[in-house]
Amino acid sequence: MSDKEPKNKPAIDSKEQAQMLEKAGLSRRGFLGASAMTGAALVGATALGSAVMTRESWAAAVKDSQQNYHVAPGELDDYIGFWSGGHQGEVRVLGIPSMRELMRIPVFNVDSATGWGLTNESRAIMGDSAKFLNGDCHHPHISMVDGKYDGKYVFINDKANTRVARIRLDIMKCDKMLTVPNCQAIHGLRLQKVPYTKYVYANAEFVIPHPNDGKIFDLQDENSYTMYNVIDAETMEMAYQIIVDGNLDNTDADYTGRFTAATCYNSEKAYDLGGMMRNERDWVVVFDMHAAEKAVKAGKFITLGDSKVPVLDGRKKGDKDSEFTRYIPVPKNPHGLNTSSDGKYFIANGKLSPTVSMIEIAKLPDLFAGKLKDPRDTIVAEPELGLGPLHTTFDGRGNAYTTLFIDSQVVKWSMADAVRAYKGEKVNYIKQKLDVQYQPGHLHASLCETSEADGKWLVALCKFSKDRFLQVGPLHPENDQLIDISGDEMKLVHDGPTFAEPHDCTMARRDQVKTKKIWDRNDPFFAPTVARAKKDGINLETDNKVIRDGNKVRVYMTSMAPSFGVQDFTVKQGSEVTVTITNIDQIEDVSHGFVMVNHGVSMEISPQQTSSITFIADKPGLHWYYCSWFCHALHMEMVGRMMVEPA
Ligand code: CUK
Ligand code: CUA
Ligand code: CA
């Protein structure tokens, strides 16, 4: 522990709040005692951490933000960010520093505007999981080459339905979705950084019995476990899985391409709160991916049930480690796992301990070679930062920034000084504590998960907004706060309300992401639809035709502002109708839509795109269809009629 007080005293240090903390069984210094380990105590502490900005500091921030951080109308942002939409299921694109929402990319949700989850193209991408109408995404990450963004893909997890999806950044649409087998609840997700993103690493959070057929329910059974998942980033198919002890929370990869690490908060394999907090230490599991790949190639795997995915066993057998896993004990129920942008450390964030644990990556080869007595010999610092450390980010200048959930602060600290303090030197590694509003989870500094961390902007994703915005009923928005970290002091410059719930975000320089302005007619996104049209002898760019195939009716049409190529068509009641529309407009921004009234049918057709949707014409009578994206002065007149004859 450092001997000096942090520069900015947090508001929670006030006498009254300290007393309240004490009552709740929490002290600011030292570990959270066992008596504090109840849900009630944690909730109590949460309410206490609400540091409130003074009127003066707020006024100063307002002035600063207007003078220095305003992106004027018509000007463009310097960074493009990808925000998880949490249990809303989508990904949002934001500009930084304006914090303006630029686009939404539906992924694990159904989207009425674009028809995601309704169109044939999106449902083919979603596969069997198209039956699920919900998702819960947390961790968006951009693909890399040599530890720098290549701007090709964003990958994201779905905790709710155990999926991983990929977004193509050239079109900002999801193009692949995988349901991870043999597991429940994909939470932590990160990408291989070096030499390039060949693999996606995904943590299945919950321990389940294997086989999960209702015969075993005991989590302590040796056949109850969870797995670390390795996914081929290009094909989006499972490469292999690794069984681990305990459970898995967050993960990250190193800058050598050999190691990844993941936090475990439930080493107890417990099913309840008290049980999950029983151990003073849980662990970080480190994976030697080279050794794991070797084991797969050598055939040292099993398969589970119908799944053909190779499964390695990375559990300890007595005292014996597997050749590809090591377990490093850290305090207590750790959450975030972050690789420092200088490539030196895996940092595990203590959550129920006020510390973070710094694992020196350069020591890991010795750990795997059996040259270290104790796995904890890889830990080179365990700085005490405050209450509830959840995630850490980096500025590329040797500083780390950690969110303190319970304290409602972001703490800036020096990694080198923390290492010196751990060796016994008297040095204050804490540089500043900044109040944020309120209860931050993830935070993300510009380019922090690449080797190019540039220390300009930091976004703190606060879980509570309380009094920061006009009240909108009992459900409050989150509060994403923008902090300028370019100078010696962190400065809060912007509050941005967001809907449930950006757990995490990522941002790239604007030159790192290049998108198309209109679709390429050969785009694989709608290639299956083009192939089907070809079978029907249709030229999508010119033909307006109705193909009758028994009970199935396929309507092909073009769209060009302000009219559909087919103005009416007639079908028999009960027909399965597939409408395929090709937008032959060449002009940027002239998107059309297709809505069949009273049929739950809606889709987007952007310039040069082909979209299709299938529905049952179950009601006799005349049914209007119309264009739903405002495209022309005569947009209202862009309509047609479906005539359904009684069966
Ligand atoms: S997260 Cu997923 S529980 Cu801290 Cu990365 Cu919010
Ligand atoms: Cu086409 Cu509106
Ligand atoms: Ca635990």
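The values are calculated or read from the model by the stated rules, or taken from the named source; none is laboratory data. What you see is a predicted model, and the numbers here were worked out from it, not measured in a lab. In this analysis, Cβ positions are derived from the backbone assuming ideal geometry, glycine residues included, and neighbour counts consider all displayed protein chains. Protein only, heavy atoms only, side chains kept; ligands, DNA and RNA dropped before computing areas. Shrake-Rupley method; radii C 1.70, N 1.55, O 1.52, S 1.80 Å.
For every other residue with a beta carbon closer than 15 angstrom to the beta carbon of SER84, add +1 if it is Lys or Arg and -1 if Asp or Glu, then tell me the sum.
On the way: positive: ARG92, ARG104, LYS159, ARG163, ARG166, ARG190, LYS463; negative: GLU90, GLU101, ASP136, ASP158, GLU449, GLU478, ASP480, GLU501, ASP504.
Taking every Cβ under 15 Å from that of SER84, the sum is -2.
If we sort 621-630, 208-217 on the protection proxy, mean other Cβ atoms within 10 Å, highest first, what's the order? Could the numbers behind the result be given before it?
Numbers: 621-630: 17.2, 208-217: 13.2.
Final packing ranking: 621-630, 208-217.
What residues from the stretch 619-647 fall in the zone where the backbone N is under 12 Å from a label point 7 Å along the Cα-to-C-beta line of GLN567?
The answer is 638-641.
Do you know the relative contact order of the stretch 237-310, to the nearest whole percent, from alpha carbon pairs under 8 angstrom that are 6+ apart?
Numbers: 93 pairs, mean separation 21.4, N = 74.
Rounded, it is 29 percent for the stretch 237-310.
How much area per residue is accessible in the stretch 397-519 when the probe is 1.4 Å and only protein heavy atoms are counted (Å²)?
Here the per-residue accessible area is 37 Å².
Could you work out the local net charge near ALA617, counting Lys and Arg as +1, Asp and Glu as -1, over the other residues with Cβ closer than 15 Å to its Cβ?
On the way: positive: ARG548, LYS552, ARG554, LYS572, LYS619, ARG641; negative: ASP549, ASP568, GLU576, ASP618, GLU645.
Local charge sum for ALA617: +1.
When a/c reaches 1.5 or more, the comparison of a/b and b/c decides; with that in mind, is the stretch 382-530 rounded, prolate or oblate per its Cα gyration tensor? Spell out each step's value before the answer.
Values: a/c = 2.58, a/b = 1.48, b/c = 1.75.
Here the stretch 382-530 falls in the oblate category.
Could you grab the relative contact order for the chain? Cα pairs under 8 Å, six or more apart, rounded to a whole percent.
Details: 1747 pairs, mean separation 74.1, N = 647.
Relative contact order comes out at 11 percent.
As a test of the formula, what do you get for the chain when each DSSP H run with n ≥ 4 contributes -39,500 (n - 2.57) and the sum is divided by the residue count, at 222 nm and rounded to the nearest 500 deg cm²/dmol?
On the way: 9 runs with 75 residues, N = 647.
Dividing the helical sum by the residues of the chain leaves -3000 deg cm²/dmol.
Taking 0.36 nm per residue of sequence separation and subtracting the Cα-Cα distance, how much length would be gained by fully extending the chain between ALA124 and GLN184, in nm to one decimal? Write down the numbers at each step before the final one.
On the way: separation 60, 0.36 × 60 = 21.60 nm, distance 2.26 nm.
Using 0.36 nm per residue and subtracting the Cα-Cα distance, I get 19.3 nm.
Please work out the C-alpha center-to-center distance from the stretch 173-232 to the stretch 440-518 and express it in whole Å.
A separation of 28 Å, based on Cα centres.
Specify whether the C-alpha gyration tensor of the stretch 254-362 places it in the rounded, prolate or oblate class, a ≥ b ≥ c being the square roots of the eigenvalues: rounded for a/c under 1.5, otherwise prolate if a/b is larger than b/c and oblate if not.
Numbers: a/c = 2.29, a/b = 1.27, b/c = 1.81.
Oblate, since a/c reaches 1.5 and b/c is not below a/b.
If I model a spin label as a point 7 Å beyond the Cα along the Cα-Cβ vector, how far apart are those points for ILE616 and ASP589 in nm?
4.3 nm
Using 1/(1 + (r/R0)^6) with R0 = 22 angstrom and r between the beta carbons of LYS552 and ALA647, what's the FRET efficiency to the nearest 0.05? Mind dumping the intermediate values first?
On the way: r = 15 Å, r/R0 = 0.68.
After rounding to 0.05, the efficiency reads 0.90.
Given a 1.4 Å probe, how much area per residue of the stretch 224-377 is accessible, in Å²? Intermediate results must be reported in sequence, preceding the final value.
Working: 5630 Å² over 154 residues.
Per-residue value: 37 Å².
Grab the Cα-Cα distance for GLU576 and MET103, subtract it from 0.36 nm times how many residues apart they are, and report the gain in nm with one decimal.
Values: separation 473, 0.36 × 473 = 170.28 nm, distance 3.30 nm.
Taking GLU576 through MET103 to full extension adds about 167.0 nm, to one decimal.
Less than 9 Å Cβ to Cβ from CYS264, Lys/Arg counted +1 and Asp/Glu -1: what total charge do the surrounding residues give?
Working: positive: none; negative: ASP245, ASP249, ASP282.
That sum, taken over residues with Cβ under 9 Å, equals -3.
Based on DSSP, what percent of beta bridges with both residues in the chain are antiparallel, to the nearest 5? Let's see the in-between values first.
Values: 140 of 156 bridges.
Roughly 90 percent of the beta bridges in the chain run antiparallel, per DSSP.
First check a/c for the stretch 256-312, with a ≥ b ≥ c the square roots of the eigenvalues of its C-alpha gyration tensor; if it is under 1.5, answer rounded, and if not, answer prolate when a/b is larger than b/c or oblate otherwise.
Details: a/c = 4.01, a/b = 1.61, b/c = 2.49.
Verdict is oblate for the stretch 256-312.
Tell me, what is a quarter of the convex hull surface for the C-alpha atoms of the chain, in nm² with one decimal?
On the way: hull surface 126.0 nm².
Result: 31.5 nm².
Cut-off 13 Å, label point 7 angstrom out along Cα-to-Cβ of TYR271: give me the residues of the stretch 165-209 whose amide nitrogen falls inside.
Zone members listed by number: 207-209.
Sorted by average packing, counted as other Cβ atoms within 10 angstrom per residue and highest first, what order do 534-545, 452-463, 560-571 take?
Details: 534-545: 13.9, 452-463: 23.2, 560-571: 17.8.
Output ranking for 534-545, 452-463, 560-571: 452-463, 560-571, 534-545.
If DNA, RNA and ligands are ignored and the probe is 1.4 Å, what is the ranking of ARG510, ARG532 by accessible area, most exposed first? Each step should come with its number before you reach the end.
Details: ARG510 120, ARG532 70 Å².
The most accessible residue leads, giving ARG510, ARG532.
Please give the peptides 488-495, 370-377 ranked by average Cβ packing (other Cβ atoms within 10 Å per residue), highest first, as a rough proxy for protection. List each step's numbers first, then the result.
Working: 488-495: 18.5, 370-377: 12.4.
So the order, starting with the most tightly packed, is 488-495, 370-377.
Let me have the relative contact order for the stretch 402-530, percent, based on Cα pairs under 8 Å that are six or more residues apart. The partial results should precede the final answer.
Details: 226 pairs, mean separation 24.0, N = 129.
RCO, the stretch 402-530: 19 percent.
Round to a whole number: what % of the accessible area of the stretch 474-513 belongs to carbon and sulfur, probe 1.4 Å?
Whole-percent figure for carbon plus sulfur exposure: 55.
Nearest 5 is fine: what % of DSSP beta bridges in the stretch 538-632 come out antiparallel, could you say? Could the numbers behind the result be given before it?
Numbers: 22 of 30 bridges.
Roughly 75 percent of the beta bridges in the stretch 538-632 run antiparallel, per DSSP.
Sort largest first and round to whole Å: the equivalent ellipsoid semi-axes of the stretch 301-407, each the square root of five times a Cα gyration tensor eigenvalue.
Values: eigenvalues 165, 62, 41 Å².
Listed largest to smallest, the semi-axes of the stretch 301-407 are 29, 18, 14 Å.
What distance in nm separates the simple spin-label points at ASP467 and LYS535, each placed 7 Å from Cα in the Cβ direction?
Going from the ASP467 label point to the LYS535 one covers 6.4 nm.
With both bridge residues required to lie in the stretch 243-351, what share of the DSSP beta bridges run antiparallel, to the nearest 5%? Numbers along the way, then the final one.
Details: 21 of 22 bridges.
Of the beta bridges lying entirely in the stretch 243-351, close to 95 percent run antiparallel.
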